């Protein structure tokens, strides 16, 4: 008996579906446990990631409380109580807490008169490549402040010249030391432009700019007229001749005092 076209199509569909079911059955018979194991591992990984995020958030919150407690102890004059908390946070995996703890340790060491220990702590921060560059630069400047009287002027200039350029957020603090180092080397021609740049830097603290303004004026650079001209919108008259600020750490050879 011949099949109608519709009956033939129905038969072919049934055969095709049966073949598919057979393939699926064979696949799960052969690989079913592997598929199940993969699903279990995937669910476990997702659950583990969720747990780790929650655990990490809890740990970060706890470290924040530890830092607050340590700072409160220091403010109360109880450095002994703060010391173990600072030591704990100095090993933190959270970079911000680790940096805060190390800076706090350096401050307490400085306050206690243990300058060598403070310098060592700040050096460790400045050389820690895992920390943000701003932390490392701040530590380098603070370290240099503590070492300034014992460092050769040339070493100060070489260390801080990259941070004492116009546009640097550290121009005020780094520039003052670079300018003072030039004066130690009897190079007022190099110190003057550095102090003038600081006086013109609107991001520098007012007290730092005021000191730089006085120093630049004493070295023959009238920064006040330049600032007044800029404020009024007038074209400033040429400043007294002075060489541009140094942009490289190398300086002309000269005996240091």
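For (1) touching a helix residue (DSSP H, G or I) at 6+ places or on another chain (Cβ under 8 Å); (2) assigned by TED's automatic domain parsing to the domain that holds residue 81; (3) surrounded by fewer than 16 Cβ atoms within 10 Å (Cβ to Cβ), each residue gets a yes or a no:
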| residue | (1), (2), (3) |
| --- | --- |
| 105 | yes, yes, no |
| 109 | yes, yes, no |
| 119 | yes, yes, no |
| 127 | yes, yes, yes |
| 130 | yes, yes, yes |
| 137 | yes, yes, no |
| 164 | yes, no, no |
| 167 | no, no, yes |
| 170 | yes, no, no |
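More than 26 Å from the chain's Cα centre (by Cα) and at pLDDT 95 or above - does that describe any residue in the range 154-172?
Yes, because at least one residue in the range 154-172 is more than 26 Å from the chain's Cα centre (by Cα) and at pLDDT 95 or above.
Restrict the check to the range 111-119 and report whether at least one residue is over 25 Å from residue 208 (Cβ atoms) and touching a residue at least 24 places away in the same chain (Cβ under 8 Å).
yes
For residues that are crowded, with 24+ Cβ neighbours inside 10 Å and without any contact (Cβ under 8 Å) to a residue 40 or more places away in the chain, tally how many sit in the range 179-190.
So the answer is 2.
The values are calculated or read from the model by the stated rules, or taken from the named source; none is laboratory data. Keep in mind that what you see is a predicted model, and the values were worked out from it rather than measured. Glycine also receives a Cβ, built like all others from the backbone with ideal geometry; neighbour counts cover every protein chain displayed.
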